[in-house]
Amino acid sequence: MSMSKPVGDTPLDGRAGLVGQALDRIDGPLKVTGHATYAAEYRDIGPALTGYLVLSAIAKGRLDALDTAAAEAAPGVKLVMTHKNAPKQGPRGQTTNPQLNGPEIAYRGQPIALVVADSFEAARAAAYLIKPRYGAEAGAKFDLGSNRTEAFKPKSNNGQPPDTTTGDMDAVFARAPVRLDVEYTTPLQSHAMMEPHGTIARWDGDALTLWTANQMLMRGTDMVAGTLQMPKDKVRLISRYVGGGFGSKLQVEADAILAAMAAKLTGQTVKVVLTRPQVFPVTKHRTDTVQRLRLGAERDGTLLAIGHESWSGNTPDDQFYETAANATRTLYAAANRMTAHRLVALDVPHASSMRAPGEAVGLLALECAMDELAVALDMDPVALRIKNEPHVAPESGKPYSSRTFVPCLEKGAELFGWSKRVAKPGQVRDGQWLVGMGMAGATRGNPMLAAKASVTLDRDGVATVRSSMTDIGTGSYTILAQIAGDMLGLPIDKVRVELGDTTLPPAPGSGGSFGANSAGAAVYDACTVLRTSLLQAARFPSEGAEFADGVVKAGGQSAKLADLAAAAGPNGLVAQGAADPGDSRQAFSQESYGAYFVEVGVDVDTAEIRLRRMLGVFTAGRILNAKTARSQAIGGMTFGIGAALMEDLVMDKRDGWLANANLAEYHVAVHADVPAIEAVFLPELDAHSSPMKSKGVGELGICGAGASLANAVYNATGVRIRDYPLTLDKVLSGWAEANKTGQALPMQKAG
């Protein structure tokens, strides 16, 4: 099926079925009892050797020598693999990720050797015996801000141009009655998922199987085949359970390629799992950004001009950039506008997608700039956003498939008690705490990719859904079971789901908020085909047919689905489904929306910032599972809390060393940081989005969330912080500066 036309009435409409219910995850019992097998945990495939990585200690240069003799002679060691003996690989590119393919070093933390031994301890001990001699090059660049003058215009990203222009932004901004011209910065960030990257590799003749942690298996197959220069049909990836990804496992990383090559050289199964400190430089991260926002408005708040420029950094051979200004292209109306992205080549580890690439950091800047404009206008920030609500996409002119931003703003304000906010900063105090409120908007694109699935109905009346889709903790197993159950009229315990294996029908995987729309649409289509087969087997008319409780009824007749499947033969009935977006994304601007409202407290002496409560109100089409959707939303909001208050992957600008590459010092939000958080979804159906009329929800909750905290901190303290994260030293510096100029709040004035 294709989404070139909007779907009409469907079997999911007008009924209280499984879809939409807050069902527990069907894979939950396996996970909480330790029976869900993750990449590094497979034991039924036989014994495996263990590999341990050796990483570069310089950021730019080459290996002049690599003494491996002591490591090779160490107890238990089977192989020391370096660029001298690694199998030949394809050149680095968008669909390859070669490792140990030469003496050149591009960044600190680049793998330079793999030690393989009969135990992890033996491999690790031998790895410390390797003695590299480096030829370091001068002039390595690590700092985005100081190298902005060398920025260049990158290639388009996923079909989106780096720059856009409508009208005459510069001229109109220059003469606007109210102008705001500010710069925001965001730091390097790490995905910091629970499961580190790991792979078990085994060769059977010329066929390779990788049990690995990967979000997008079909893409992963292409990358493995391209890197190892082998036929794609000889590569199998298995990722039945993935312990979090957030974008870090969108691509095949060094663990998989190194394990595959080591298994080839040793003739044995090899396991490679990155240590936590290795994950940070060896895999991807979110680049830091510098963003300039210019907003020009009439005195009544009408936006006349919007300018959003963003700079980000990456390795010289990678043109991925953070699309920070993309959300600005669709969120608010203004006749004159420009967005621009520039990239700086740095000698740092590869930057790539992290949860909501673009919007997550772009809205940290845009939504704070909107708050600053509201202050300049003496206007409520909710009212300012409603004032500038567009009726069509401001730059493309496309109609929206649905546009529900204003309802999120209005409902959020009502539920949160926004009317009680005191607009003037620093006026509310609760004991030792200055109390402030803030809000921000959210938007995230709603993509869909082509996918396939199969559904088998057996003689016991059990439907089995099969797809190479992955579940990275988001609930894929459960929502696909709900879709199949409702389409076939089966209870949830009569639906089985098999995912995470490239021998199953191809699906794009988990990422970009397209997983549910894509794989779900393919399952929907397979069930539609199966419904037709069942009606034909029963010789029932299709008009007025009803599927419920394991029975199909039509034309005054009924038949059990199990009986129809049994009559079809020992394999039951099998249906194949396929779905694609058609031209729905070209014809309509498709986004999900939300609004955040928060209250913070800031200690009057120490400037410690504490979240007191947070609300997110969202629309994302039909909600497939109320529980998993809420989990995704509050998980994204928690991500936003971390981005606002603490997350900062610190790079030593002298040598490119990641100084806090561990979970002890790379701080993320924990339970104590989140006392009260709630997510509400408003009812919505989008017939242009998918046959389920649902939208992507996995990344929406982080988009703009951190900005609401920054705006609340300003409301509490009068200090506007434009350099994330919002640490207490920056509040104290703001107070000190205000003291010097006599602008401090009464409770902050010295003496």
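Which of the residues that make up the stretch 644-661 are touching a helix residue (DSSP H, G or I) at 6+ places or on another chain (Cβ under 6 Å) and open to solvent by less than 10 Å² (accessible area, probe 1.4 Å)? Spell out how you get there, then give the answer.
Step one: list which residues in the stretch 644-661 are touching a helix residue (DSSP H, G or I) at 6+ places or on another chain (Cβ under 6 Å), which gives 644, 658, 661.
The answer is ALA644, and nothing else.
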Please pick out the residue among ALA70, ALA74, ALA86, ALA59 that is assigned to a helix (DSSP H, G or I), more than 27 Å from GLY485 (Cβ to Cβ) and of a type in the set (Gly, Ala, Ser). ALA70
Candidates ALA664, ALA710, ALA705 - the one that is hydrophobic (A, V, I, L, M, F, W, C), buried (at least 24 other Cβ atoms within 10 Å of the Cβ) and more than 20 Å from TRP433 (Cα to Cα): ALA705
Restricting to the stretch 172-195, name every residue that is open to solvent by 40 Å² or more (accessible area, probe 1.4 Å) and of a type outside the set (D, E, K, R). ALA174, PRO177, MET194
Test of understanding: among THR96, THR82, which residue is under 32 Å from the mean Cα position of the chain (by Cα) and among the hydroxyl-bearing types (Ser, Thr, Tyr)? THR96
Which condition number does PHE320 fail, the rest of (1) open to solvent by 10 Å² or more (accessible area, probe 1.4 Å); (2) under 28 Å from ALA192 (Cβ atoms); (3) among the hydrophobic types (A, V, I, L, M, F, W, C); (4) not in a loop (DSSP other than H, G, I, E, B) being met? (4)
Can you tell which of LYS31, LYS60 is open to solvent by 50 Å² or more (accessible area, probe 1.4 Å) and more than 26 Å from ILE472 (Cβ to Cβ)? LYS60
Go through the residues of the stretch 367-378 one by one and say whether even a single one is open to solvent by 10 Å² or more (accessible area, probe 1.4 Å), not charged (D, E, K, R) and not in a helix (DSSP H, G or I). no
Residue pairs within 7 Å by beta carbon, gap of at least six or interchain, first lying in the stretch 60-85 and farther than 12 Å from VAL115 by Cβ and of a type in the set (Gly, Ala, Ser), second at pLDDT 95 or above and open to solvent by 30 Å² or more (accessible area, probe 1.4 Å), listed first then second, are GLY61/TYR134; ALA65/ARG133
Starting from residues that are of a type in the set (Ser, Thr, Tyr) and touching a Pro at 6+ places or on another chain (Cβ under 6 Å), keep the ones in the stretch 493-525 and report whichever is least open to solvent (accessible area, probe 1.4 Å). SER518
Considering only the stretch 96-106, I want to know if a residue exists there that is of a type in the set (Ser, Thr, Tyr) and either in a loop (DSSP other than H, G, I, E, B) or under 20 Å from ARG133 (Cα atoms) (or both). no
Scan of the stretch 667-682 for residues that are within 15 Å of ARG612 (Cα to Cα), open to solvent by 40 Å² or more (accessible area, probe 1.4 Å) and not in a loop (DSSP other than H, G, I, E, B), ordered by number: HIS671, ALA672, GLU678
Of all residues in the stretch 227-277, count the ones that are closer than 13 Å to ASN97 by Cα, under 25 Å from the mean Cα position of the chain (by Cα) and open to solvent by 30 Å² or more (accessible area, probe 1.4 Å). 1
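Applying the selection to the stretch 123-145, what residues are in contact (Cβ under 8 Å) with a residue 24 or more places away in the chain and surrounded by fewer than 12 Cβ atoms within 10 Å (Cβ to Cβ)?
Just the residues of the stretch 123-145 that are in contact (Cβ under 8 Å) with a residue 24 or more places away in the chain, to begin with: 123-127, 129-137, 139-145.
Answer for the stretch 123-145, where residues must be in contact (Cβ under 8 Å) with a residue 24 or more places away in the chain and surrounded by fewer than 12 Cβ atoms within 10 Å (Cβ to Cβ): ARG133, GLY139.
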Please count how many residues of the stretch 379-421 are touching a residue at least 60 places away in the same chain (Cβ under 8 Å), over 30 Å from the mean Cα position of the chain (by Cα) and open to solvent by 60 Å² or more (accessible area, probe 1.4 Å). 1
Restricted to the stretch 526-579, and to residues that are acidic (Asp, Glu) and more than 21 Å from VAL497 (Cα to Cα), which residue is least open to solvent (accessible area, probe 1.4 Å)? ASP563
So the check is Cβ under 6 Å with 6+ separation or different chains; which pairs have a first residue in the stretch 621-634 that's among the basic types (Lys, Arg) and a second one that's assigned to a loop (DSSP other than H, G, I, E, B) and surrounded by fewer than 24 Cβ atoms within 10 Å (Cβ to Cβ)? ARG622/LEU685; ARG622/LYS693; LYS627/ALA22
Taking interchain pairs and intrachain pairs at least six residues apart, which have beta carbon atoms under 6 angstrom, with the first residue in the stretch 653-679 and farther than 18 Å from ILE702 by Cα and the second among the hydroxyl-bearing types (Ser, Thr, Tyr)? ASN660/TYR666; TYR666/SER190
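Please specify each residue of the stretch 683-742 satisfying the condition of being part of a helix (DSSP H, G or I) and among the hydroxyl-bearing types (Ser, Thr, Tyr).
As a first pass, look at the stretch 683-742 and keep what is part of a helix (DSSP H, G or I): 700-702, 705-717, 728-741.
Matches in the stretch 683-742: SER708, TYR714, THR717, SER733, THR741.
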In the stretch 182-207, residue farthest from PRO87 (Cα to Cα) [restricted to those that are small (Gly, Ala, Ser) and outside any loop (DSSP other than H, G, I, E, B)]: GLY198
Any chance the stretch 714-729 includes a residue that's open to solvent by less than 30 Å² (accessible area, probe 1.4 Å), aliphatic (A, V, I, L, M) and closer than 23 Å to GLU414 by Cβ? yes
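The values are calculated or read from the model by the stated rules, or taken from the named source; none is laboratory data. Remember, it's a predicted structure, so these values are computed and weren't measured experimentally. Because the Cβ atoms are built from the backbone with ideal geometry, glycine has one as well, and the counts that use them run over all protein chains shown. The protein model used for the area step is the full one, side chains on, heavy atoms only, and it has no ligands, DNA or RNA in it. Shrake-Rupley method; radii C 1.70, N 1.55, O 1.52, S 1.80 Å.
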